[in-house]
Structures are given as structure tokens and as C-alpha cells.
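Novice: Take this structure first; my questions come after.
Read the figures in this text as sums done on the coordinates, not as results from a lab. Quantities reported herein were computed from a predicted structural model and do not represent experimental measurements. Reconstructed Cβ throughout: ideal geometry from the backbone, glycine too, with neighbour counts over all protein chains shown.
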Amino acid sequence: MSDLSLAAQAAAAENRPPAVPRHVAVVMDGNGRWARQRFMPRFFGHKQGVDALVRAVNAFADRGVQYLTVFAFSSENWKRPSEEVSGLMSLVLVAVSKYLTKLAGDGVRIRIVGDRSAVSDKLRRAWEHAEELTAGNSRITLAVAFNYGGRWDVVQACRQAIADGVPAEAVDENWLASHMALSFAPDPDLFIRTGGEMRISNFLLWQAAYSELFFTECLWPDFGEAEIDAALEAYAQRDRRFGTIRPNQVVPEGT
Ligand code: FPP
């Protein structure tokens, strides 16, 4: 067996430095607190959060990350006060019209993941336009998880199996993975949560099975290049084994 770790083997096969994660997932937490610290309404924090996201996409792309998936609106966020929910919905429309041309020109491919059935026609059309306009881009893929939940994702894949009449024995991990919202991307290598909380909050429950977790106190609007470098450096130090043992590790007989 090769002395290279599985992660290093995958990286070598793709001619990519193993220290750089191919796919980074981010829970962009802390917008509200960032605004409150400045005696501003929460919406102001979300607005700054969009700007931080546009900066982060380019910074991650410059460092060789190929997929960035961000949690923009969870299945549970509908329970927030109605003015915050409607503020977030209109913010997305404003963000698309403000930044789409720039992101498209920067080589960013945009994909939306989540349950689109509950969002307005206007927002659905804006998403479709963003996806179509950027479909030919390949510098980095930005997957925006909107009205997304990890449990919803598993359930919707199972429902597809039932609706398609797939026999139970054909529904295995590969089948499910290829019918989940992020089927176009490899599993995230690095899962970042800003804002100090240390939980996954129903984001990418299936796909993050072997992700390296990185939690930072930094509030999302402040998450800039220095914080990105710190997260990538921490990732580069991790020893990823995907449930295997270290190469050359001696396992005592009988274990
Ligand atoms: C969590 O902060 C953040 C959100 C629920 C929304 C994140 C959304 C954006 C950054 C905008 C995304 C827009 C586009 C176009 C993709 P919080 O409100 O929970 O902050 P708190 O924990 O400090 O209260």
C-alpha cells in the first residue's frame, strides 16, 4: 500500500497540492451581533455579510479552492421575525443585481441548493438567471444553500427513490449521494463556522461526514483574507484518515 494518505492520493491524481481543500463549506454566522456591536439593525449586518461573501469567494478561488458552499438561509430561518425574513429575501435580490455581473466576470459559477418551492417566483427567476449566466464558468463554484437543511436533503433524496420506484437494494450510499443537492461537488474537505458557536446546525449533515471542522469567534462580516488563511493553515495541519489508520501505523494484533 502507498505511504500517501487518501487525501494526498486524491490530490496527486488531480495534480493539486494536498494542503488546499477542494471544497470549503461555511456557516456565515454573526451578522446580527456584528450589527448590534455598531448599534445598527440586524439587516445592516446581513448586508455587510453579502459584501464579505463576495470578497471571500475571490479569496478562496485565489488560493485554489474549487467549490465554496455557504449557508445563506436555512430551513429553520423562516422562524425568524417576519421583517428579518422578508429583509433577507429582498437582500438576495439586491445582491444578485449588484454583484452578479462582477461574479460572472470573475469566473464564478453560481449554483443554488435547497428547496426552491417556498421562495417567490421573482427570487426563483433571479436564481435561474444567475445559474444560466454563470454556467460556463469554472474558476470556482459558489453553491448558495438557500432554504436548505441537511435533513431536508436526505428526505428529498429518499423521496426521489420512492417516486422513481427504485428497488430498496439499489438505494445505497452512492445512489443517495448522487441524488442529493450537492451531487455536482465532492464532499466538503473543510467546514468553517464563524461567530463562535460550535455546531453544525443542520448544514450538510450527509456531505460533512469526514469534513475537517474549523470554528472561529470572528463574526462573518469580519471574515477576511487573514481569517481565510488561518482556516486554510489549520486545515493543512490536519491528518485526514477517513476512518483508516495512519500509513505505517502498527496495529497490535487482535484489535
Ligand atoms: C447568520 O447570522 C446569518 C444568516 C442567517 C444569513 C446569512 C446571509 C448572508 C450573509 C447573506 C447571503 C446573501 C446571498 C446573496 C447569498 P445571524 O443573523 O444568526 O447572526 P447572529 O448569530 O449574530 O445573530
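Novice: Taking amide H positions as placed 1.01 Å from N in the peptide plane, with prolines and chain starts having none, which residues 5 or more places from Asn147, or on another chain, fall under 5 Å of its amide H?
Specialist: Phe73, Ser74
Novice: Could you go through segment 180-191 in sequence order and give the Karplus-derived ³J(HN,Hα) for each residue, using 6.51 cos²θ - 1.76 cosθ + 1.60 with θ = phi - 60°, rounded to whole Hz, and x for Gly and Pro?
Specialist: Result, rounded to whole Hz: 9, 4, 9, 5, 7, 10, x, 4, x, 7, 10, 10.
Novice: Return one number: the angle in degrees, 0 to 90 and rounded to the nearest 10, between the long axis of the Cα atoms of helix 121-133 and the longest principal axis of the Cα atoms of the chain.
Specialist: It works out to around 50 degrees.
Novice: Further question on the same structure: Compute the relative contact order of the chain as a whole-number percentage, counting only Cα pairs closer than 8 Å that sit 6 or more residues apart in sequence.
Specialist: Working: 373 pairs, mean separation 74.3, N = 255.
Relative CO of the chain lands at 29 percent.
Novice: Pick from Asp115, Asp189, Asp51: which residue has the top mean-square fluctuation in a GNM of the chain where Cα pairs under 10 Å get a spring?
Specialist: Of Asp115, Asp189, Asp51, the Gaussian network model singles out Asp51 as fluctuating most.
Novice: Sticking with the crude label model, points 7 Å out along Cα→Cβ, report the distance from His129 to Asn77 in nm, one decimal please.
Specialist: 2.0
Novice: Hey, another quick one. In a GNM of the chain with a 10 Å cut-off on Cα contacts, which of Ala56, Ala236, Ala170 has the highest mean-square fluctuation?
Specialist: With Cα springs under 10 Å in the chain, the top fluctuation among Ala56, Ala236, Ala170 is at Ala170.
Novice: How high is the FRET efficiency from Phe242 to Arg139, r the C-beta distance, R0 25 Å, rounded to 0.05?
Specialist: 0.35
Novice: Using 7 Å Cα-to-Cβ label points, what is the Ala226/Lys98 separation (nm, one decimal)?
Specialist: 2.4
Novice: Ile140's amide H: which non-local residues (gap 5+, or another chain) put their own amide H closer than 5 Å, with H modeled 1.01 Å from N in plane and none for Pro or chain starts?
Specialist: Hits under the 5 Å cutoff: Arg109.
Novice: Further question on the same structure: Tell me the Rg and the Dmax, in Å, that the Cα atoms of segment 101-154 produce.
Specialist: 11.9, 34
Novice: Taking a virtual spin label 7 Å from the Cα of Glu197 along the C-beta vector, which residues in segment 106-150 bring their backbone nitrogen under 18 Å of it?
Specialist: Flagged as within label range: 145-150.
Novice: What residue among Arg116, Arg22, Arg159 shows peak mean-square fluctuation when the chain is described by a Gaussian network model with Cα springs under 10 Å?
Specialist: Highest fluctuation of the listed residues: Arg159.
Novice: Right, next: Reachable aspartates and glutamates from Lys79, Cα under 17 Å, same-chain residues fewer than 8 places away excluded?
Specialist: Once the sequence-local aspartates and glutamates are set aside, what remains near Lys79 is Asp29, Asp115.
Novice: Continuing with this model, one more query. Non-local amide H neighbours of Val20 (under 5 Å, H modeled in plane, Pro and chain starts lacking H): which ones?
Specialist: Long-range HN contacts for Val20: none found.
Novice: Using the beta-carbon distance between Arg63 and Glu173 and R0 = 25 Å, what value does 1/(1 + (r/R0)^6) give for FRET efficiency, to the nearest 0.05?
Specialist: FRET efficiency, Arg63 to Glu173: 0.25.
Novice: Rg and Dmax in Å for the chain, alpha carbons only: what are they?
Specialist: Values for the chain (Cα only, Rg and Dmax): 19.2, 63 Å.
Novice: Also, quick follow-up: To make sure I understand, if each residue's beta carbon is the centre and we count other beta carbons within 10 Å, what order do Thr69, Thr216, Thr101 fall in, fewest to most?
Specialist: Thr101, Thr216, Thr69
Novice: Moving to a separate point now. Which three extents, in whole angstrom, do the alpha-carbon atoms of segment 131-251 cover along their principal axes, largest first?
Specialist: 51, 49, 31
Novice: Still on this structure, please answer the following. Let me know the volume per residue of the alpha-carbon convex hull for segment 53-105, in Å³.
Specialist: 86
Novice: Between Gly64, Val154, His129, whose Cα lies farthest towards the positive end of the dipole of the chain when Lys and Arg beta carbons carry +1 and Asp and Glu beta carbons carry -1, centred on the Cα centre?
Specialist: Going by the charge dipole, the pick is His129.
Novice: Let me ask something else about it. Can you sort Phe215, Phe223, Phe242 so the residue with the fewest Cβ neighbours within 10 Å comes first?
Specialist: Placing the least packed residue first, the sequence is Phe242, Phe215, Phe223.
Novice: Just need the Rg to Rh number for segment 192-249, please, alpha carbons only, Kirkwood Rh.
Specialist: Working: Rg = 13.5 Å, Rh = 13.1 Å.
That ratio is 1.04, to two decimals.
Novice: Here's another thing I want to ask about it. Please determine, in degrees from 0 to 90 and to the nearest 10, the orientation of helix 82-105 with respect to the longest principal axis defined by the Cα atoms of the chain, where the helix direction is its Cα long axis.
Specialist: So the helix axis and the longest Cα principal axis differ by about 70 degrees.
Novice: Largest first and in whole Å, give the semi-axes of segment 10-121's equivalent ellipsoid, each being the square root of 5 times a Cα gyration tensor eigenvalue. Could the numbers behind the result be given before it?
Specialist: Details: eigenvalues 162, 53, 42 Å².
Taking √(5λ) for each Cα gyration eigenvalue gives 28, 16, 14 Å.
Novice: Moving to a separate point now. What is the gain in length, in nm to one decimal, between Asp115 and Glu233 on full extension, counting 0.36 nm per residue of separation less the C-alpha to C-alpha distance?
Specialist: Gain on extension, Asp115 to Glu233, equals 39.1 nm.
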